[in-house]
Each structure stands twice: as C-alpha cells, then as structure tokens.
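S.K.: Before anything else, here's the structure in question.
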Amino acid sequence: MAWKAPGGSERPAPGPCPRPRLPLAPPADEYSILFGTGDRVVEMEDAEVENLAISISSDVDAEFDAVIGHIEDIIMDEEFQVLQRHFMDKYYLEFENTEENKLSYTSIFQEYVDLLEKYIEQQLIERIPTFNMATFITSLQQHKDEISGDIFDMLLTFTDFLAFKEMFLDYRMEKEGHGLDFSGDLIVTSLSKSSSLSPASNNIRPFQ
Amino acid sequence: MGWNTKCFRTLCCKGPPSPRTEYDVVCVGLTGSGKSSLLTQLCSESTDSIIPTTGFRIKAVPFQNAILNVKELGGADNIRKYWSRYYQGSQGVVFVLDSASSEDDLETARNELHSALQHPQLCTLPFLILANHQDKPAARSLQEIKKYFELEPLARGQRWILQPCSVENMDAVKEGFNQFINLLEEIDQEHTPGRL
C-alpha cells in the first residue's frame, strides 16, 4: 500500500456536529422505545446501547466527512493544481494507450505517489493535526459509495496503478486533442495562381 | 505499490461479473518461454500479434473458481533485474520455462527459478511451474525437468506444481492453473480460520 500513517495521537479530535446519518434501521419495537415513553425498563437498556452505538458511528462518520471536505479544498486549490499539472506535463508523453506497460510507468507511479499523495497528507495534517492516513483509508473503503466520483477517482490513482495510467492517458488525449492531429488537414491555398497579386485582391489576409 | 486491478482491469472474457475470488499473481520466465502467449490464449484472444514483452502487463484471467490478476513481466536479460520490484502484493508465482531451449538457456532459467523460490517476498508463496513448449521435439520430459531444476531438494517445504504444457494443449495449461488455484484457496483458508 502506498499510504503511510503519520505519527500522532490515536484519539480522533472532536469534529463538528455530526451530520444526521441513519444507521441500519433497528426493528420497529426498538424504535418505539427510543422515541416513546419507554416504561419497559429492559428495552430501555437496549435503546441506550443503541444510542451509544449510533453516536460513536456518527463521530467517525463526521470525522470522515471532515477529511473529505478538506481533501476537496486541497485538490481544488491552485497550489495542488499547479503541482499536478507540472508533473503530468513532465511525463504524459511517456504514456501510450497499449495493453503493455513500460517499466518506466512504475517509477513514474512511485514518483507521483511520493509527490502528490505526500502533499495531500501534509496539508491534511496542517488542518487536522491528529489526522491518521491509515484510519482514513479504511474509512474510504466503507464509504466509497458516498464520495463524489471525482474525489474517489483522484484518491484511487494513488493506490491503483491502472487508474493512474488511465489518468495519464486521458491527460495525453486532452493535450493532443483526442489524439487527432489536424495540422496536416488544414491547408490554406491561394485562390490566385500568381503569387504577386496582393492578398487584398483575394480577400485573403496573410498569416501573421 | 498498489496494483489493485479490481476497478480498472479489463476482464478479457466479457461475461457477467460473478462473485469469484480474486488472487494477485506474478508471472515470470525467460524471454520466449511463452508467458504472453499462454496468458493471451487463456483469455481466448488471438496470439498472432504477440511480440516480446519489454515492460509488463496486467491481465485479469478468469477461471471457473477464481479470477487471477496476473502481472506478467518481460523476460529479456535487461528486464529480469527489475522483476523483484513487482513482487510486492503477490499471492502466488507462475514461472514459465521453455522445455525445448538450449542447455545454456535452461541453466539460466534454473538460476532464475531458484532466485525466485528463495526471494523473501516469494518464498512462502505457491509456485506454478509451466514446462512449456512440450510440443517441440527437443522438449525435455517432466521427469527430466524436475530433476534438472532440482525441485525436490531445493523447493522443499514450499508448495509447487510442475505442469508440462504447450499452446497446442490448453487443457493441460488450465489443469495446471486449476490446481494452482486450489493451492491459493487452501492458503487463503489457512490464513483466515473461521471466516464465513
């Protein structure tokens, strides 16, 4: 795994107010205990345990949401964008859309992770001093359906080589105009046979 | 390094996804031993345009009971030194050799196999050794290969399967892989006792 956990305290910092999130719905009779008058003592104890479980789960979820929020900010920031673009510009020509992968892809992948994933990690620690990458990665697996596609795709490029390669291939296609080279297709031809005629008479302005 | 291929792999036999277990394996062997050809054939793709691999490939090869995410590495002299960079995360090793190669090449293959068997990242993993090119007249027999490669003394305590085969006989190849998958399943169960 490319992720490395920074040193730091194990205890998560208290986050913002937990976003209401329904856990697996408890059976109907327990629900009535949670919200009802609850004069059945035995069931009240179950409800308390249930409450505690929900509140712990909400804290973890809130923390995860906070990290995702920060990651969104970090990757939208100009500094990250420049860092990433500079890296992609350096290497995109190396990548070809073939099944076979060059050995160089591996070292570029490693450099990418070392540069960009570390940058994100450092930025996260600045914002959340007790941030723990390993804990976050575990949460990521559990919450992947809730994260926006863009964020998840970006994070995937740090651990999945094929996602990383796809990112470079997409970048190359973008840079090269979808791989089509039009420069040979557009030819400006003078309508006049003689080259001494002034451009104005042909209504053609010369290329500046 | 992560080479999790679950999200972006191209499953070469396009069928409905079924919940088969996936295993990550690395495939090595000298150049010309037939790695690319065998894997391509296992995916029912054409082997017409195969040229020596100069880098590496990642292919998801489906079998009845499992899917093997195979990282196949080129085997030329100048590439072999990079093999170990790709061992991390492997659960098994597929080693392909040309049973009909020259004495020198056979010796090189033996050295490479021994290095792999003893490599710290591979020495606890099961090995599928494919003695390929059995269809050629110069091909050494199963017994000769076993003896020459000193599998019995050297690979003692390790789990290995030696399967003679050729691209003309894909049944033998599949048989080898199915046994290999059984080994991978056994090891999986050993590591996770009581898992549902």
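The values are calculated or read from the model by the stated rules, or taken from the named source; none is laboratory data. Computed from a prediction, not measured in an experiment: that's the story for all the values here. Reconstructed Cβ throughout: ideal geometry from the backbone, glycine too, with neighbour counts over all protein chains shown.
S.K.: Evaluate the stretch A:50-65: report whether one residue or more is within 14 Å of another protein chain (Cβ to nearest Cβ), assigned to a helix (DSSP H, G or I) and either without any contact (Cβ under 8 Å) to a residue 12 or more places away in the chain or more than 23 Å from A:Gln122 (Cα to Cα) (or both).
M.R.: At the first step, the residues of the stretch A:50-65 found to be within 14 Å of another protein chain (Cβ to nearest Cβ) are none.
No, every residue in the stretch A:50-65 fails to be within 14 Å of another protein chain (Cβ to nearest Cβ), assigned to a helix (DSSP H, G or I) and either without any contact (Cβ under 8 Å) to a residue 12 or more places away in the chain or more than 23 Å from A:Gln122 (Cα to Cα) (or both).
S.K.: Something else now. Do you know which residues across the stretch A:110-150 are of a type in the set (A, V, I, L, M), within 13 Å of A:Ile71 (Cα to Cα) and at pLDDT 85 or above?
M.R.: A:Leu116, A:Ile120, A:Leu124, A:Ile125, A:Ile128
S.K.: Name the pairs whose Cβ atoms lie under 8 Å apart, with the first residue in the stretch A:155-181 and more than 30 Å from A:Thr138 (Cβ to Cβ) and more than 8 Å from every other protein chain (Cβ to nearest Cβ), the second in a strand (DSSP E or B) and modelled with pLDDT under 90, and 6 or more positions between them or separate chains?
M.R.: none
S.K.: Condition (residue is more than 14 Å from chain B (Cβ to nearest Cβ) and crowded, with 18+ Cβ neighbours inside 10 Å) applied to the stretch A:94-114: is it met by at least one residue? Before you say what the answer is, go through the steps one by one.
M.R.: Taking the stretch A:94-114 and keeping what is more than 14 Å from chain B (Cβ to nearest Cβ), we get none.
Within the stretch A:94-114 (the criterion being more than 14 Å from chain B (Cβ to nearest Cβ) and crowded, with 18+ Cβ neighbours inside 10 Å), the answer is no, since none of the residues qualifies.
S.K.: Kindly indicate which of B:Ala109, B:Ala131, B:Ala116 is at pLDDT 95 or above, of a type in the set (Gly, Ala, Ser), within 18 Å of the chain's Cα centre (by Cα) and assigned to a strand (DSSP E or B). It would help to see each step written out before you state the result.
M.R.: Values: B:Ala109 fails: assigned to a strand (DSSP E or B); B:Ala116 fails: assigned to a strand (DSSP E or B).
One residue alone meets the criteria, B:Ala131.
S.K.: Continuing with this model, one more query. Given the structure, is A:Asn101 modelled with pLDDT of 95 or more and among the polar types (S, T, N, Q)? Before you say what the answer is, go through the steps one by one.
M.R.: Working: modelled with pLDDT of 95 or more: yes; among the polar types (S, T, N, Q): yes.
So A:Asn101 fits the description; yes.
S.K.: Step by step: first the residues of the stretch A:123-170, then only those that are β-branched (Val, Ile, Thr) and under 22 Å from A:Ala62 (Cβ atoms), then the one that is surrounded by the fewest Cβ atoms within 10 Å (Cβ to Cβ). Which residue is that?
M.R.: Residues of the stretch A:123-170 that are β-branched (Val, Ile, Thr), as a first pass: A:125, A:128, A:130, A:135, A:137-138, A:147, A:151, A:157, A:159.
Add one more test, that the residue is under 22 Å from A:Ala62 (Cβ atoms), and what stays is A:125, A:128, A:130, A:135, A:137-138, A:147, A:151.
Values: A:Ile125: 16, A:Ile128: 18, A:Thr130: 14, A:Thr135: 17, A:Ile137: 16, A:Thr138: 12, A:Ile147: 18, A:Ile151: 14.
Among those residues, the one meeting the criterion is A:Thr138.
S.K.: Something else about it: Tell me, please, whether a residue that is at pLDDT below 95, among the basic types (Lys, Arg) and farther than 16 Å from A:Phe161 by Cβ can be found in the stretch B:19-35.
M.R.: yes
S.K.: Also: What number of residues in the stretch B:60-75 are more than 11 Å from chain A (Cβ to nearest Cβ) and either charged (D, E, K, R) or closer than 20 Å to B:Gly32 by Cβ (or both)? Quick ask: steps written out before the conclusion?
M.R.: Of the residues in the stretch B:60-75, the ones more than 11 Å from chain A (Cβ to nearest Cβ) are B:61-68, B:70, B:75.
Checking which are either charged (D, E, K, R) or closer than 20 Å to B:Gly32 by Cβ (or both) leaves us with B:70, B:75.
Residues that pass the stated criteria total 2.
S.K.: Does B:Gln88 satisfy the condition of being away from every other protein chain (no Cβ under 13 Å) and either over 19 Å from B:Leu151 (Cβ atoms) or of a type in the set (S, T, N, Q) (or both)?
M.R.: Details: away from every other protein chain (no Cβ under 13 Å): no; either over 19 Å from B:Leu151 (Cβ atoms) or of a type in the set (S, T, N, Q) (or both): yes.
No, not satisfied.
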